[in-house]
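Worksheet for the structure shown next.
The values are calculated or read from the model by the stated rules, or taken from the named source; none is laboratory data. All figures in this text were calculated on a predicted structure; none of them were measured in a lab. Because the Cβ atoms are built from the backbone with ideal geometry, glycine has one as well, and the counts that use them run over all protein chains shown.
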Amino acid sequence: MDNAQTLLGLLEAAPSHGYDLKGEYDRYFGGQKPLAFGQVYATLARLIRDGLILEAQGGESSGGPDRKSYSVTAAGRVRVREWMFTPDTPEPTLQSNLFAKTVIALLLDEDAASLLDAQRACHQARMRELTRAKRDADLATILTIDHALFHIEADLRWIELTGARLTELRAGVRGA
Amino acid sequence: MRLSLALVLTQDRRSRVRILGIAAGIAIGVMLLLLLWGGYRGLESRSERWDAISRIEMSSLTGTLEEVEPGTGQTLVAGNIDRHREADIQRIDVSSPEGAPPLFHVPVTLPQPGEFLASPALAKRIAEYSPLELGVRFGTLAGTLPDGALPTPDALVAVVAHNETDMLMRFSPRVLIGGPSGEFGGMPVYSFVAVLGALAVAAPVLLLIAIVADLGQASRRERTATLRLLGASRGTVAHLAALEMIPAALVGVLLGAAGAWLTAPLFSLVPVIDGTFFTSDIRVPLAQQIVVLALVAALVPLIAALRAHRTDRGVLPSGAVLPEPVPSFWRLVPLVLGLLGIPAILMMNSILSSITYWLAMFIVLTLICAGLIIAGPYLTYVLGRVLRRGVTSAANVIAVGRTVRVPRATFRAVSGLVIALFLVSMFQIAMTARVDPRAEMREVYGADSPVWAGVVQLENHSGDATLAERRREVMSEVSGVKFVVDVYDLDDGFGGQPVVSAADARLLGLNPKPAQEFVMLNPTITAGVAIHAEDTPVDPNVPRIPRNSLAFTDGSAEAIERTRTAVWALGLTADAVPYVLTEREYGDQLGYFARFSTLASIGAIVAGGISMLALAVATIIGVLDRREVFTRLRLMGVRAGTLRRIILAENVIPLIAMSLLAALVGMFAGWAVIRVFSGGNRQVGLPGEEYAITLLVLASFAALALGLALFSVRGATTNARLREE
Amino acid sequence: MSTPDAQGTQPLIRARDLVLNFGQTQALRGISLDVYPGEVLAVMGPSGSGKSTLLHTLAGVLVPDSGTVRIGTRVLGELDQATRDDLRLRECGFVFQSGQLLPDLGALDNVTIPLLLAGVRRREAIDRGRAELDRLGVGQYGARYPAELSGGQAQRVAIARALVTRPRVLFADEPTGALDSLSAETTMVALTDLARADGTAVVLVTHDARTAAYADREIIVRDGRISAGIGVPLVDENPADAGTTAGFSAHPGFSR
């Protein structure tokens, strides 16, 4: 999961203070492993350095220790979309990143279904490649490929199911 | 719980349509049941009324026990079978001090002496012909006889009233004792028909209802499988089938009763054995009808439940068609035994005595009939195997494939027709062998004279010379009568040799020697053989007894009937009835076949009709079973027309083959029956038009059934169904 | 990724703006799509998305409310029912999930039926049918009835029946839906290998990703629309009306 892009996405959805940002992140994605404050600030610093967000002194203070508020630049917005709509190569850690992309897309009112479809297309292209590779392969290779195919298929099913649940998910994200 | 489930399951439109269809089937069944039962009852009451009339006939023994004592207030009767043209007339002459002597089951008030009562059919006939030909025979028409006195609406019956003196002078009456008995069974033919009728009533209707219940079962199969999967027991499913049938049964029973009531006048016009029916006879009385209808209404759900229980295939999905076991070769055994039995019986002609001979024939026929049914599936299977190599078109390949795969189901659909065809062919072939006794005589004694068809004969049982003289006088006066000849018996102790006077002999075209006063004739003249003189001289001193008066007419029907009318009207019949030799039917066992053949044809049409319904239902079930596959064939581009050709071929091929077999075996059996019944000296001919008509009706039934079934192909493979895929 | 080259090849089936309603249900809402000769196209999508309806419309079984389907040079909407039936019989093959073989005929007889319907003599039809069964490796089961075949064997007989007329396009509707993984694999290998060998295009409707992986490209149908496609461009004209997604186009190998 790409924390930097995810935080960037969250900031685009709503400019925020560092403390609130961490809260947001934890609410959507931190279920088992909340993000450390240090990591949040380090990431924010890197995003500022890359010109993707701007630091602004907030008018209203919510009384927290940090009064700085962050908002996303035009370059930051492009980066978010690039990240969001670029499918990832099928790999074991794919799920968490894809989930983050989906939630961010929903928060930004982008077409979450399209990004799922894009990912799905990528997966299926891979499956076609593997299926083709099975032809004329020896049995050991075939078995290995079968294993890979089943894993990709599992991902695909998850994508399909998530796609079917987008409305539900959108309601959850909006209500949050 | 089950009731509410049944209610839920019958909510949708399709099951309502199905229930309506089943109700229609039950209605037809109930209608047939009531009509057949009505017909059976009609035969019974007809037979009772026949008994009342036939006990008065001169040949009957009733009334001979008591001597006629003039002036003692006895009721005197003389019953005769008179004839007018082609029709028999039941003539009852009666004198009675009572106003309404117990002649019939219903009281009939006698008219004044010299007057008569006629059945409506006779009254109509009298009006159609000149009085000299018919009307004058009976006297003055004083009214019509009530239906209760008549066996059938078309019976010709006359009740002629006389005073006692007249009665004694003109007839040889008997004394009427008591009323007609209420017992049934006077005529053995009728009791036989009664048994057949009882069987015919129950079997086809139950069959029909079972068929209809099956139709429901087939379209419910999927649902049944689902319910069973959900854990419903066999019993629950059967119970549901029964509950579902209740509305169909109620509606069907009521519709059927209405149908029978409305169509009774139409069906009463069908002649069975010797006449049509009174509509009131074939309408079943209300009380009995209620019992029958209640029984059927109760029976239908019961049958449905039993069939559902029996055909329950558990949770198997509808597509799973269970293959039938291949029918065994041994199924041929009864049929072959039966067919071999025929030549065996013919060869044993001389060994077996009459009754065992008949019994053996009966067993053989039963074997053949049952054998056809038993062998059917095997023959269907073999037929399919043989045809399988030769067929070329896709439709025929598929059709023959099914014949091989499910021969039992295929044959079952046509089995009723097979039996119907067998029976009707047998009766119709046997019927062609009706005996012509004159032809036999001709064979034995040489050519006969065509004039016999125009000769009215009158026997003189008492030998009264005055009577003979008066008859001669009267008949000679009738216009159209060329001459009258008196035939005597020579009372020489040998008896039997007919003798005529020389003058009469010349009238007959013989040329007696001048010296002869009397000429002896060949004894076979009374059997219709041409007259010739015997060489034996006749001694004029030997007494001669007048035995026969022969009126030679010009041969026209009018002249013949005028002659008869003159004899009757002038009271010269005594104990004899004027007759024309050629109209005398010789009593022959084979005559029964003629009388039964119409009944057999009706039976065949009923059985064939029900069988065709079975065929239609079986075909529809066959289509429903393969709905999925047919839908897919349609997707593949197989046209609906091709599908119809497939359905048509898989029914028509076994239908034609089995029908042909049944008809051939039936004809063979009919021929065999004639050989046995006649002692081996009769020939059979080609079956007549009744056979053709019956076959035509059966063929149109088949066409109708297949048309109905083909219609269902459309329903099973429409685009709407494609969507469900 | 090897896909048929869209450039320079005329599409075998060209469908444009297909709309089809069943009463209130909108089954197809503007689908455009080309199928090229010899390619294997997978049509994916959730149940009830309209993929089978699309297949039936492409095959001329269903007539769209609007839009056109062209097979070769012929526009299906301009043909009468009988001509369309005949076109399907001669130029299309069909394989379904199950229940397509005539239960009362042996495997060989089942394969000969399309030939007989097309007017081939029985003798020749039997020879060709037997050869086709051999090609699918089920030649030894010619005399068996469908009920006596395993699911995979029955599917291969069905494929033999579909290919025996050498159709230009084979429509397969969930051909592996009733099969276990291994049977599904052998069935799909046989189907795609032989179709490619014959130059027969395949339209493969499935919701199973592993089955779809045998295709050269695939489209996803959702709510009666093509929601995504993978492989060559779906439509080489009017891109604006093809879908509802907007806002991105930068991804390689993926377009609307």
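Points to keep in mind about this one:
- Residue within region C:79-97 that is closer than 29 Å to B:Ala409 by Cα and of a type outside the set (Asp, Glu) present: yes
- Evaluation of B:Ala238 against (1) out of contact with any Ser or Thr (no Cβ under 6 Å at 6 or more places or on another chain); (2) modelled with pLDDT of 85 or more (one fails), failing number: (2)
- B:Thr366 being farther than 21 Å from C:Glu148 by Cβ, of a type in the set (S, T, N, Q) and part of a helix (DSSP H, G or I): yes
- Within region C:70-88, restricting attention to residues that are in a helix (DSSP H, G or I) and farther than 22 Å from C:Thr200 by Cβ, the residue that is farthest from the other protein chains (Cβ to nearest Cβ) is C:Glu78.
Residues checked against (1) away from chain C (no Cβ under 14 Å); (2) at pLDDT 80 or above:
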residue: B:Arg626; (1), (2): no, no
residue: B:Phe630; (1), (2): no, yes
residue: B:Met636; (1), (2): no, yes
residue: B:Arg645; (1), (2): no, yes
residue: B:Ala662; (1), (2): yes, yes
residue: B:Ala669; (1), (2): yes, yes
residue: B:Ala672; (1), (2): yes, no
residue: B:Leu706; (1), (2): yes, yes
residue: B:Phe711; (1), (2): yes, no
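- If you go through region A:129-158 and pick out every residue that is more than 10 Å from chain C (Cβ to nearest Cβ) and touching a residue at least 60 places away in the same chain (Cβ under 8 Å), you end up with 2.
- Residue among A:Gln95, A:Gln124 that alone is in contact with a helix residue (DSSP H, G or I) (Cβ under 8 Å, 6 or more places away or on another chain), within 29 Å of A:Arg174 (Cα to Cα) and either more than 14 Å from every other protein chain (Cβ to nearest Cβ) or assigned to a helix (DSSP H, G or I) (or both): A:Gln95
- Residues satisfying the stated conditions in region A:36-60, i.e. surrounded by 11 or more Cβ atoms within 10 Å (Cβ to Cβ), modelled with pLDDT under 80 and assigned to a loop (DSSP other than H, G, I, E, B): A:Gly58
- Residues within region C:198-239 that are away from chain A (no Cβ under 13 Å) and either more than 29 Å from A:Ile142 (Cα to Cα) or modelled with pLDDT under 90 (or both), tallied: 9
- When the residues of region B:69-103 are filtered to those that are closer than 24 Å to B:Arg137 by Cβ and assigned to a loop (DSSP other than H, G, I, E, B), the one that is modelled with the lowest pLDDT is B:Glu86.
- Residues in region B:298-313 include at least one that is at pLDDT 85 or above, small (Gly, Ala, Ser) and farther than 30 Å from C:Ala147 by Cα.
- If you go through region B:370-408 and keep only what is surrounded by fewer than 18 Cβ atoms within 10 Å (Cβ to Cβ) and of a type outside the set (Val, Ile, Thr), you end up with B:Ala370, B:Arg385, B:Arg388, B:Arg389, B:Gly390, B:Ser393, B:Arg408.
- Here B:Phe427 meets each of (1) surrounded by fewer than 24 Cβ atoms within 10 Å (Cβ to Cβ); (2) among the aromatic types (Phe, Trp, Tyr); (3) modelled with pLDDT under 85 with one exception, condition (1).
- Residue in region B:57-64 that is β-branched (Val, Ile, Thr), under 30 Å from B:Val77 (Cα atoms) and modelled with pLDDT under 80 present: yes
- Against the numbered list (1) outside any loop (DSSP other than H, G, I, E, B); (2) free of Cβ contacts under 8 Å to residues at least 60 places away in the same chain; (3) under 22 Å from C:Arg217 (Cα atoms), C:Gly48 comes up short only at (1).
- Residue, surrounded by the fewest Cβ atoms within 10 Å (Cβ to Cβ), within region C:89-128, restricted to residues that are among the charged types (D, E, K, R) and in a helix (DSSP H, G or I): C:Arg123
- Restricting C:Ala162, C:Ala131 to those that are in a helix (DSSP H, G or I), within 13 Å of chain B (Cβ to nearest Cβ) and either within 21 Å of C:Asp193 (Cα to Cα) or in contact with a Leu (Cβ under 8 Å, 6 or more places away or on another chain) (or both) reduces the list to C:Ala162.
- Residue within region B:122-134 that is in contact (Cβ under 8 Å) with a residue 60 or more places away in the chain and either under 29 Å from the mean Cα position of the chain (by Cα) or crowded, with 19+ Cβ neighbours inside 10 Å (or both) present: yes
- Per the listing C:Ser181, C:Ser150, the residue uniquely closer than 27 Å to B:Asp625 by Cα, of a type in the set (Ser, Thr, Tyr) and out of contact with any helix residue (DSSP H, G or I) (no Cβ under 7 Å at 6 or more places or on another chain) is C:Ser150.
- The lone exception for B:Phe277 - which of (1) closer than 24 Å to B:Val296 by Cα; (2) surrounded by 21 or more Cβ atoms within 10 Å (Cβ to Cβ) it fails: (1)
- Conditions (1) more than 10 Å from every other protein chain (Cβ to nearest Cβ); (2) over 21 Å from C:Ile159 (Cα atoms); (3) surrounded by fewer than 23 Cβ atoms within 10 Å (Cβ to Cβ); number of the one not met by C:Leu28: (3)
- Residue list for region C:42-69, filter: within 12 Å of chain B (Cβ to nearest Cβ) and surrounded by fewer than 20 Cβ atoms within 10 Å (Cβ to Cβ): C:Gly48, C:Val63
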